[in-house]
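Visitor: For reference, the structure I am asking about is given below.
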Amino acid sequence: MLIIQRHYLKEFLKVLALVAAGLALIFSLLDLVDKIDDFLPYNPSLKNLVLYASFNFPRYLLYLLPMAILLCSLFTISQADRRFEITAVKAAGGRVKILLLPFLFAGLFLSLGSFVLGEFIVPDFSKKAHELKNEITKKGKKFTFKEGTMWLRAQDGSIVKIGLYLPEKNISKNVSIFKVHKGALKERIEADEAEWSASSASSGVGSKNSEGKWKLKNITLYNAQDGSINKYKELEYPFMEPPALFAEDIQKPEDLGIRELFRYIKKLEDAGFKNLKLLVDFHSKVSYPFVNFVMLLLGISLPMRGKTGKGLVTTAVGIFISLLYWFGHAMSLSIGYAGILPPVIATWLVPLIFGIIAVRLFKGIHE
């Protein structure tokens with residue numbers, strides 16, 4: 001690698017580290033400010049507040065990295081062009097595309113880093129942030145949820161396992177209820193399905209269940225004391241929390257890794273359910289790291305084509321392109337959610353369009 005190549009790459013990475021970390025820190029603090037009204041009644045310690053913001057840092061870093069890459073690459077190359085260094089390279093017989101080659105390898109490395117960040121770091125830190133939030137608000141952990149399977153403690157003390165919970169439909173599949181008395185299993189209930197039946201009438205078992213009940217369907221009841229087995233078509237079970245209390249604590253697709261999301265989708269498909277939103281989110285996670293390479297390619301190509309100005313103009317161009325990308329991508333995802341476009345096309349359409357534009361701009365650089 002030539003000295004001038006190392007110089008430009010070093011400048012780019014240095015500015016990128018500052019800008020990406022700064023943006024992620026600002027958005028993490030804004031998220032903390034947004035939640036502060038929920039935290040203050042519980043007198044949280046400064047340490048917990050700092051930890052909460054820190055746990056959200058990787059998530060915002062992942063989201064904002066493409067914008068930071070575009071801004072920093074535009075800035076680095078625009079500054080070099082402003083100092084007539086690119087002109088000097090051309091006058092000395094140098095090839096601009098060769099000069100920019102290390103940036104392409106840096107783009108591939110950043111895309112790989114984005115994949116690792118989204119797959120291994122963000123899900124773990126998001127889970128820690130959620131657990132810390134519950135700890136601060138003294139909410140406590142009422143259930144565990146992973147890849148559709150849920151374990152919880154019912155209001156009557158029973159242990160409930162839900163093989164597959166469908167939040168969008170308020171339906172639980174393959175429900176097992178274990179009633180324990182004095183440390184021994186008293187009764188086991190197996191139900192093919194449990195469906196939430198909303199009602200304005202009080203259920204009589206507490207205010208949390210005043211808006212409806214869970215109805216078990218196709219039930220087999222095993223009595224461990226006398227060994228009897230009874231079957232029922234339908235039974236009400238008023239001791240499980242309503243779906244509204246599950247919604248906040250269930251991990252969102254954006255906080256799951258690609259592998260976790262794939263296993264969850266597979267489990268849904270095996271049960272006969274096809275969730276278009278999860279499929280689109282899955283393919284979006286696969287395509288997302290590619291955006292970093294595209295933004296870097298755009299950032300080094302535009303100044304070479306004389307498409308950017310100087311200083312604040314360069315920044316404005318970078319922000320405009322970033323917003324244009326996110327707006328187009330969000331529209332494409334919405335069309336995918338609606339089922340108008342297949343998930344693969346909906347998630348790759350805008351990245352590929354911007355990628356083609358970036359490649360054409362790079363190939364059109366005058367030597």
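The values are calculated or read from the model by the stated rules, or taken from the named source; none is laboratory data. For clarity, every value in this text was computed on a predicted model and none was experimentally measured. When we count neighbours, we look across all protein chains shown, and the Cβ atoms used for this are built from the backbone with ideal geometry, even at glycine.
Visitor: Using the structure shown, decide if Leu333 is without any contact (Cβ under 8 Å) to a residue 60 or more places away in the chain and either buried (at least 21 other Cβ atoms within 10 Å of the Cβ) or of a type in the set (Val, Ile, Thr) (or both).
Guide: yes
Visitor: Kindly check whether there is at least one residue in region 150-165 that is hydroxyl-bearing (Ser, Thr, Tyr), under 30 Å from Leu297 (Cβ atoms) and not in a loop (DSSP other than H, G, I, E, B).
Guide: Filtering region 150-165 for residues hydroxyl-bearing (Ser, Thr, Tyr) gives 158, 165.
Pick out the ones that are also under 30 Å from Leu297 (Cβ atoms) and you get none.
No - not one qualifying residue is present in region 150-165.
Visitor: Please find, within region 336-367, the residue that is farthest from Pro66 (Cα to Cα) out of those that are surrounded by 17 or more Cβ atoms within 10 Å (Cβ to Cβ) and free of Cβ contacts under 8 Å to residues at least 24 places away in the same chain.
Guide: Per the criteria, the residue is Leu341.
Visitor: Among the numbered conditions (1) surrounded by fewer than 21 Cβ atoms within 10 Å (Cβ to Cβ); (2) in contact with a helix residue (DSSP H, G or I) (Cβ under 8 Å, 6 or more places away or on another chain); (3) not assigned by TED's automatic domain parsing to the domain that holds Asp192, tell me where Leu256 comes up short.
Guide: Here Leu256 meets the rest and fails (1).
Visitor: So, restricting to helices (runs of 4 or more DSSP H) that lie completely within region 25-133, which ones have at least 3 residues that are buried (at least 16 other Cβ atoms within 10 Å of the Cβ) and hydroxyl-bearing (Ser, Thr, Tyr)?
Guide: 46-82
Visitor: Still on this structure, I have one more. Could you list, in sequence order, all residues of region 144-158 that are on the phi < 0 side of the Ramachandran plot, within 21 Å of the chain's Cα centre (by Cα) and surrounded by 15 or more Cβ atoms within 10 Å (Cβ to Cβ)?
Guide: Of everything in region 144-158, those that are on the phi < 0 side of the Ramachandran plot, within 21 Å of the chain's Cα centre (by Cα) and surrounded by 15 or more Cβ atoms within 10 Å (Cβ to Cβ) turn out to be Phe145, Thr149, Met150.
Visitor: Might you let me know whether region 283-296 holds any residue that is over 16 Å from Phe103 (Cα atoms), among the basic types (Lys, Arg) and either out of contact with any helix residue (DSSP H, G or I) (no Cβ under 6 Å at 6 or more places or on another chain) or not assigned by TED's automatic domain parsing to the domain that holds Val89 (or both)?
Guide: So far as region 283-296 goes, no, none of its residues is over 16 Å from Phe103 (Cα atoms), among the basic types (Lys, Arg) and either out of contact with any helix residue (DSSP H, G or I) (no Cβ under 6 Å at 6 or more places or on another chain) or not assigned by TED's automatic domain parsing to the domain that holds Val89 (or both).
Visitor: In addition: Considering region 248-285 alone, what residues qualify as being over 17 Å from Leu164 (Cβ atoms), part of a loop (DSSP other than H, G, I, E, B) and free of Cβ contacts under 8 Å to residues at least 40 places away in the same chain?
Guide: The answer is Glu248, Lys252.
Visitor: Out of contact with any Asp or Glu (no Cβ under 6 Å at 6 or more places or on another chain) and on the phi > 0 side of the Ramachandran plot: which single residue out of Phe103, Phe84 fits that description?
Guide: After ruling out the rest, the residue left standing is Phe84.
Visitor: What single numbered condition from (1) part of a helix (DSSP H, G or I); (2) modelled with pLDDT of 90 or more fails to hold for Lys186?
Guide: That leaves (1) as the condition not met.
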